[in-house]
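Novice: This is the structure I want to talk about, given as structure tokens.
The values are calculated or read from the model by the stated rules, or taken from the named source; none is laboratory data. Computed from a prediction, not measured in an experiment: that's the story for all the values here. Reconstructed Cβ throughout: ideal geometry from the backbone, glycine too, with neighbour counts over all protein chains shown. Remember, those area values only see protein heavy atoms, side chains included, never the ligands or the DNA or RNA. Shrake-Rupley method; radii C 1.70, N 1.55, O 1.52, S 1.80 Å.
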Amino acid sequence: MTKNKKHKFIKTQVTPVEPYDPSAMLEAQNLIKKFGDLNVLNGINEKIYAGEKIAIIGPSGSGKSTFLRCLNVLEDPTDGYVFFNGNNLCDLAVDINIQRRKMGMVYQQFNLFNNMTVLKNITLAPVHIGLSDLKKIKFKNAGARFLNLFRKNKKPLIPVEKTAKQIKAEAEENAMRLLKRIGLEDKANVYPSTLSGGQRQRIAIVRALAMNPEVMLFDEPTSALDPEMVGEVLNLIKELADDGMTMVIVTHEMSFAREVATRVLFMDEGKILEEGAPENIFNSPQNPRLKEFLSKVL
């Protein structure tokens, strides 16, 4: 493994053992993650398809959050491969930051910027990316204009569809639309520290949605909330599920997993020991470890 600007660690060999499944949105092949001598993930193979709502359950320390973070390479796998829409995220040639634009991530601790208003938190990434892309287009066009001075066949310029002002205005308009959806449009100009935990987590979800992701990854989004605030966050996630959003959620909320998930994965000791439809997992579990786990949490 060698260091790289795009990944903390990157494989020197990027050819997978098996061809990826082009019909899967996300695919993990033989996913292994070690922290020193500790094996956290032990050879996971899993496919996630567009429109699925995957709930990952299991005891603490089973590797659930690490698996989730490996899906968008926030944690670099020690071995194995992760594919997103056919792109090998462990390949040096793949720009991981471009791929992450399409993968929304919601954390346990909200991860909002307390020195920025709610509106600024939501628009920060879309504006930054929009302006960055605009700058690249202008740079390429400037180069093309110069070279066209010496060409007989002039190279066409890349169309500039939006100005910087339009990019910012559209990001703010979209942010306000999302805030209105969750009933928090009146909080646009306040700071996150003035909000309740439930409100902050809903803002964090909206911030991820502002990037128009194809899949949402939730890492125990209610674990840091007081019990009375859990419902408002889960209701928003249910709305996203009803709208058809592909999602993977690590959760201890068994009733939520039973109601919303199309498929449930049970993890223990870094492996997926059983998976299936919620009614099968909760009503007729087969794995002894799953039976033991459910007997303690239901």
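Novice: Compute the separation of the alpha-carbon centres of region 42-60 and region 142-166 and state it in Å as a whole number.
Specialist: Between the Cα centre of region 42-60 and that of region 142-166, the gap is 45 Å.
Novice: Please give the direction-averaged projected area of the C-alpha convex hull for the chain, in square nanometres with one decimal.
Specialist: 19.0
Novice: Moving to a separate point now. Just ASP243, ASP219, ASP268 to compare: in a GNM of the chain, with alpha carbon springs under 10 Å, which one fluctuates most?
Specialist: ASP243
Novice: Follow-up question, since we're still on this one. So if R0 is 35 Å, what FRET efficiency would LEU294 and ALA50 give, r being the distance between their Cβ atoms, rounded to the nearest 0.05?
Specialist: 0.75
Novice: With the radius of gyration and the Kirkwood radius both derived from the Cα set of region 135-257, what is their ratio Rg to Rh?
Specialist: Ratio of gyration radius to Kirkwood radius for region 135-257: 1.20.
Novice: In degrees from 0 to 90, rounded to the nearest 10, what is the angle of the helix 118-148 Cα long axis to the longest principal axis of the chain?
Specialist: 40
Novice: In square angstrom, what is the accessible area per residue of the chain with a 1.4 angstrom probe?
Specialist: 51
Novice: I would also like to ask the following. For a 25 Å ceiling on Cα separation, which of these pairs sit above it: LYS64/LYS180; LYS138/LYS187; LYS138/LYS168?
Specialist: Exceeds cut-off: LYS64/LYS180; LYS138/LYS187.
Novice: Still on this structure: Considering only protein heavy atoms and a 1.4 Å probe, what is the carbon-and-sulfur percentage of the accessible area of the chain?
Specialist: 51
Novice: Under a 10 Å cutoff between Cα atoms, tell me which one of GLU27, GLU220, GLU173 has the largest fluctuation in the Gaussian network model of the chain.
Specialist: For the chain, modelled as a Gaussian network with Cα springs under 10 Å, the answer is GLU173.
Novice: Distance in nm between label sites at ALA169 and ASP242, each 7 Å beyond Cα in the beta-carbon direction?
Specialist: Roughly 3.4 nm, to one decimal.
Novice: Compute the Rg to Rh ratio over region 12-118 from the alpha carbon atoms, using the Kirkwood formula for Rh, and round to two decimal places.
Specialist: Here Rg/Rh amounts to 0.98.
Novice: Also: Add +1 for every Lys or Arg and -1 for every Asp or Glu among the other residues with Cβ under 9 Å from the Cβ of ALA28, and state the total.
Specialist: -1
Novice: Right, another one. Let me have the 222 nm mean residue ellipticity of the chain computed from DSSP H runs of 4+ only, each contributing -39500 (n - 2.57), with the sum over all residues rounded to the nearest 500.
Specialist: The helix contribution divided over the chain gives -12000 deg cm²/dmol.
Novice: Another question, then. Tell me which aspartates and glutamates have Cα within less than 18 Å of LYS271's Cα, excluding those fewer than 8 residues away on the same chain?
Specialist: Leaving aside aspartates and glutamates fewer than 8 places away in the same chain, those within reach of LYS271 are GLU27, ASP37, GLU46, GLU75, ASP76, ASP79, ASP219, GLU292.
Novice: Between GLU228 and SER196, with labels modelled 7 Å along Cα→Cβ, what's the label distance in nm to one decimal, could you check?
Specialist: Between GLU228 and SER196, the label points sit 0.7 nm apart.
Novice: Tally the DSSP beta bridges in region 145-298 and give the antiparallel ones as a percent, rounded to 5.
Specialist: For region 145-298, the DSSP antiparallel bridge percentage is about 50.
Novice: Let me ask something else about it. Between helix 227-242 and the chain, what is the angle of the helix's C-alpha long axis to the longest principal axis, kept within 0 to 90° and rounded to the nearest 10?
Specialist: 60
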